[in-house]
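All remarks here apply to the structure that follows.
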């Protein structure tokens, strides 16, 4: 399939080797790389700036590292980290679950399903997350009870909305619905990135439809889904801090509560920062290993 | 001998362009039919309609006496559900120009996937059969390799083994050597010749005139969506009756 062909073997003759004495002199030639003085200057300047920053971290009493150490592993903070992780997990699981459904709706042959999925993605990408969260939090204002039954007909069971949803539930719902719009596009892009020939080959072999998707398409789609999905999960993880507007005891909310009481703003912000950095690092490491698993058979 | 494939008055358009303009063709059991023709003549589309990868607009195609993508009731052809089409396809092997091996599965997994998932064969049985097939195409030692690490010729031989794993009644080849470097064409044609000697019923779309002369029982020449001429290779290739066939052969020979 290559456009170029190999050069003919034994084509034009290689120039004849110079005589022995000349070859010896050529053999002693060494290569001197070009110097880069400006590059060295830039390295020095950057190093100085870094040192200044490190020095400031160590010596500026405003950081209050003692307070930082006291709170970093305090039980109240650990519990808040746990809530943040829960929000991330539920948001990711529900968000990507719904996202996969929406992606296949958008790829469906039915114009109606395509339109609905498109509309959903359009709406949830257009509304800021914080606005959505407040809407969900105030759901009871619109529907004070939720009823299950025949659509437009009689209902069988009904629940008090706030009792069913709750603050945590509203937060998860908001995060997941928001996440689903983005996840749908990521999954759709991944499925589209798989060569159409793969589905044809699977179809020509009579492999059942669901199996074609699960065994042939998705594992290949994962290669382009994973980096984007990891980005989304990390941004959702940090995005959980927005939930603090709903007074849910996640990391950022808890930190605000504590520094509101003791006034130690900077060290407590550092507590939150370091937890976010640590856990994002863990996610990145997990991402690296998952990507390696799905790289099977990839040509280097 | 009976007809394995019967194609009757098949028409097919893509938009306003009619690619197949009334094709009639018969392929007898155990014979090799080679389809020749300039690009755009509809030969690949015809091949794809035989296993219903492409739907026809009118006409009918039967393989071993059965319609592939439809059920007939009176004067109407009802399109079958996908599940049923998939089941009927397992009896028809298809080899693509660009191989279309599954890159994330090993050679062995490529071959065993369809027997296990479509025919519900026990895994051990499918694996043993796959090893035997790899032996047959000369790639016994490549079972654990990924397709990306094989040459084009090796990939196409794996693709042939994958199609054979379903023990199809009919094998379809869509320009199986067109994507290969010239020095790799021979190894693939050798495998196909070997299958021909064993009496496998095949339709091969190709540009390899020498292969057609050597292996074909029938050569079909297509141009602009119709069958221009067909017959034994000695007739069609050496004493073509139609001007269009002569013009095509003079360009490729």
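Filtering the stretch A:167-198 to residues that are surrounded by fewer than 18 Cβ atoms within 10 Å (Cβ to Cβ), within 14 Å of chain B (Cβ to nearest Cβ) and part of a helix (DSSP H, G or I) leaves A:196, A:197.
Inclusion of residue B:115 among residues that are crowded, with 22+ Cβ neighbours inside 10 Å and more than 23 Å from residue A:210 (Cα to Cα) is not warranted.
Of all residues in the stretch B:119-138, those that are within 27 Å of residue B:85 (Cα to Cα) and part of a loop (DSSP other than H, G, I, E, B) total 4. Among the residues of the stretch B:84-99, those identified as more than 7 Å from chain A (Cβ to nearest Cβ) and more than 24 Å from residue B:146 (Cα to Cα) are B:84, B:85, B:88, B:91, B:92. Within this structure, residue A:135 passes the test of being over 20 Å from the mean Cα position of the chain (by Cα) and closer than 20 Å to residue A:250 by Cα. For the stretch A:135-157, the criterion of being farther than 30 Å from residue A:214 by Cβ and at pLDDT 90 or above is met by none of the residues. Any residue in the stretch B:68-76 that is farther than 22 Å from residue B:155 by Cα, within 14 Å of another protein chain (Cβ to nearest Cβ), surrounded by fewer than 17 Cβ atoms within 10 Å (Cβ to Cβ) and modelled with pLDDT under 95? No. Of all residues in the stretch A:199-211, those that are at the interface with chain B (Cβ under 7 Å from one of its Cβ atoms) and in a helix (DSSP H, G or I) total 6.
Residues of the stretch A:140-158 that are out of contact with any strand residue (DSSP E or B) (no Cβ under 9 Å at 6 or more places or on another chain) and surrounded by 15 or more Cβ atoms within 10 Å (Cβ to Cβ): none at all. Does residue A:233 count as under 21 Å from residue A:288 (Cα atoms) and either within 13 Å of chain B (Cβ to nearest Cβ) or assigned to a helix (DSSP H, G or I) (or both)? Yes, satisfied. Within the stretch B:157-206, the set of residues being under 21 Å from residue B:42 (Cβ atoms) and more than 14 Å from the chain's Cα centre (by Cα) comprises just one member, B:179. Does residue A:221 count as within 14 Å of chain B (Cβ to nearest Cβ), touching a strand residue (DSSP E or B) at 6+ places or on another chain (Cβ under 9 Å) and in a helix (DSSP H, G or I)? For residue A:221, the condition - within 14 Å of chain B (Cβ to nearest Cβ), touching a strand residue (DSSP E or B) at 6+ places or on another chain (Cβ under 9 Å) and in a helix (DSSP H, G or I) - is not met.
The values are calculated or read from the model by the stated rules, or taken from the named source; none is laboratory data. It should be emphasised that the depicted structure is a prediction, and the values quoted were computed from it without experimental measurement. Every residue, glycine as well, gets a Cβ built from its backbone with ideal geometry; the counts of neighbours run over all protein chains shown.
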